[in-house]
Amino acid sequence: MRMPTDSDGSALADAFLDHVVRDDAACAGVVREIHGADEMFAYLRRAPGLAPRARFEYFRSGYEAFRVLRHVARLAGRDLDRVGSVLDFACGRGRVARFLAKEVRGEFWAADIDGDATAFVASRFGSRSFVSTADPDELRFPRAFDVIYVGSLFSHLPRASFRAWLGALARALTPDGILVFSTHGPRHVDAAARDASGFTFVPESETLRLEAQAYGSAYVEVELVHRLAREAGLAPLATAPDDLWSSQDLHVAGRAEFVAPDGLSTWTASPVPRGSVDRLERSDAPRAGWVWIGGTVRGSGRGSDRDACAVEEVRVLVDGFPPITAELGARAERDRREWYTEGDASALLDRPRVALIEARTAGGERMVVDAVELA
């Protein structure tokens, strides 16, 4: 597959964000600046195979997390645009916060242990902010929150900190507030390395700034997550395996007296399609300008073809041209489908252009899952 000609995927990212702004009214005016010290962006630029498209993947993954959180909050009856307060805890430098800031109509707060990160999020995205602490017992929250989102913090904490931070965040919820947080399941670590307790901690992570013994990689059984939540004063409400970025279990919990709404009782996965471009070929046969592009896509559902999360359509979108509907292949393991399109693309190739790959689920959810430069 031909990689983008820019160094970090800026053209792909700009095309993606242009589409998001047109397609999702909540994201109008989303900020495109990435802080120079953003660790997640730095990690993507170091990762093999991702560096030439790091900027695109940074925004795509941030928007995906926002879409998942928005869906889960609606199921819990805590719509982000209706509640009084939302906190993005361990916000980093705003990969997800930039989208949340556009959706939340009440008070939007952001917190991180890095004061420079919270200052950047506040100044660029308009959040209220505070600096977190290494010790959860020392942190004094400025208020109680209706929704607290914690993406990929508990996936890094050793057991003692894991339990302590659950307790601190439980105390920061309003009586009917919800905590949405993610963890790594043990299936993502080799069986031989798993701890028999159900909590496996490995002292290594993508950050170069924090001590590995305090911020590594944690892999926790769902049943143990629920038990630790109850010990911390939380009522576990629902869990969807691998619902965040296809790699982290997503959990919803409330205060002990909180009663789970009906919407969460049937939640198994958010209806966010995912996929990739696996191959792009350009040749002169059967004639000049002939292009073949294809890949794989899958819905987040685990059910049959009738599942609302199953992918039913894939389109190739090139700005200024009518959408091209791809051919869908057979459904295979874990709801994966192949897709491809081919034909004379000479009209598209007068200059480098970005092709966005948009998937639609049977339930009507649409999202751009990948992008590639036609050059």
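Brief remarks on what is shown
- If you go through the stretch 287-315 and pick out every residue that is at pLDDT 80 or above and within 25 Å of His71 (Cα to Cα), you end up with 11.
- Residues that are modelled with pLDDT of 90 or more and under 30 Å from Gly49 (Cα atoms) occur in the stretch 220-228; there is at least one.
- Of the residues Phe162, Phe154, Phe181, the single one that is in a helix (DSSP H, G or I) and in contact with a Phe, Trp or Tyr (Cβ under 8 Å, 6 or more places away or on another chain) is Phe162.
- Within the stretch 218-241, being part of a strand (DSSP E or B) and out of contact with any helix residue (DSSP H, G or I) (no Cβ under 9 Å at 6 or more places or on another chain) holds for no residue.
- Enumeration of residues in the stretch 325-341 that are of a type outside the set (Lys, Arg) and at pLDDT below 90: Gly329, Ala330, Ala332, Glu333, Asp335
- Neighbours by Cβ (under 8 Å, 6+ apart or cross-chain): first from the stretch 186-203, assigned by TED's automatic domain parsing to the domain that holds Ala214; second β-branched (Val, Ile, Thr) and not in a strand (DSSP E or B): Thr200/Val189; Val202/Val189
- The set of residues from the stretch 349-363 being in contact (Cβ under 8 Å) with a residue 40 or more places away in the chain and farther than 12 Å from Arg298 by Cα comprises Leu349, Pro352, Val354, Ala355, Leu356, Ile357, Gly363.
- Scan of the stretch 99-139 for residues that are among the basic types (Lys, Arg) and either touching a strand residue (DSSP E or B) at 6+ places or on another chain (Cβ under 9 Å) or assigned to a helix (DSSP H, G or I) (or both), ordered by number: Lys102, Arg124, Arg128
- Single unsatisfied condition, Arg105 versus (1) closer than 28 Å to Ser247 by Cα; (2) modelled with pLDDT of 95 or more; (3) surrounded by fewer than 17 Cβ atoms within 10 Å (Cβ to Cβ): (1)
- Residue in the stretch 215-222 that is loosely packed, with under 14 Cβ neighbours inside 10 Å, under 23 Å from the mean Cα position of the chain (by Cα) and closer than 30 Å to Gly275 by Cβ present: no
The values are calculated or read from the model by the stated rules, or taken from the named source; none is laboratory data. Small disclaimer: the values here were computed from a predicted structure and weren't measured. Reconstructed Cβ throughout: ideal geometry from the backbone, glycine too, with neighbour counts over all protein chains shown.
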